[in-house]
Amino acid sequence: MDLDKELPFKVCLNPPRMEERRQWISEMFRMHRLKVLRWPSSEKSANRHHRGFAKAGLRENYLTFMLAARKARALKSKALLFLEDDVTFDGNFRDRTAELHLPEDWGLLYFGCLHIERPQMVTPGLVRVSRALDTHAVAVHERYYTAILHSLHPRRFRHLEGGPPPLDVALSHLHQSIPTYAAWPNLAWQRVGFSHHNGCVYSNYTEEGRQKFMPDIVAGM
């Protein structure tokens, strides 16, 4: 696949308070020749609040993704690539993505994710996702902008005591209805660092991008 042709609208969630991450991720994008628009946030730092979500940070991530999808739809972009500012890439990210051959029906594409149900091999370097988590590098095809925005609207989760689920959990419920694929092995993943959502230093992945949580799900692949 041609990253720039197939995923023309690339954005990275990077709130103003995350200046250190901005500097680091900007260098990462430069190294991999990625033209990515910095997407500051869905709201100003001073006005961060829960409004029905379990945490303000979860709300920020969730709504910023929705705003990016709406912008991509308004621009009639062929696809959106949504990145988080603690993402890291395989050293040969450009070359390995160029080798990917996406099925015509793809709706969601993860360049890396945490599989919680066993995926199925499709072609070398690509699997069909059964159910997976994390949104550090996820793409959305234009065919599914409206369906995803509708499915993720916060009002659909008003009946839940804790409010809307985290973005990755909400998207995972769509993996059976929207054709979802992922690079295999992971080409992008969460680097080790301080998580403002969880209040600790961690990553679900090894330094090489293998998942540490539920490794038996992908054992032998």
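Only the coordinates and a few stated rules stand behind these numbers; no lab work does. Small disclaimer: the values here were computed from a predicted structure and weren't measured. Here the Cβ positions follow ideal geometry from the backbone for every residue, glycine too, while neighbour counts run over all protein chains shown.
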* Structure fact -> For segment 107-221, using Cα atoms only, the Rg and Dmax in Å read 14.6, 42
* To do: Kindly count the pairs of lysines across segment 3-218 whose alpha carbons are less than 17 Å apart, treating pairs on different chains or eight or more residues apart as eligible.
  => 10
* **Rough spin-label spacing in nm, given labels placed 7 Å along Cα→Cβ, for residue 212 and residue 71** => 3.2
* Asked: Just the C-alpha atoms of the chain: what Rg/Rh do they give, with Rh taken as the Kirkwood radius?
  -> 0.93
* Structure fact -> Quick calc, the chain, dipole around Cα centre from Cβ unit charges on Lys, Arg (+) and Asp, Glu (-), nearest 20 debye, gives 880
* Structure fact -> For residue 35 and residue 176, extending 7 Å from Cα along the Cα-Cβ vector and measuring point to point gives, in nm, a value of 4.1
* Structure fact -> Restricting to Cα pairs under 8 Å and 6 or more apart, the percent relative contact order of the chain works out to 23
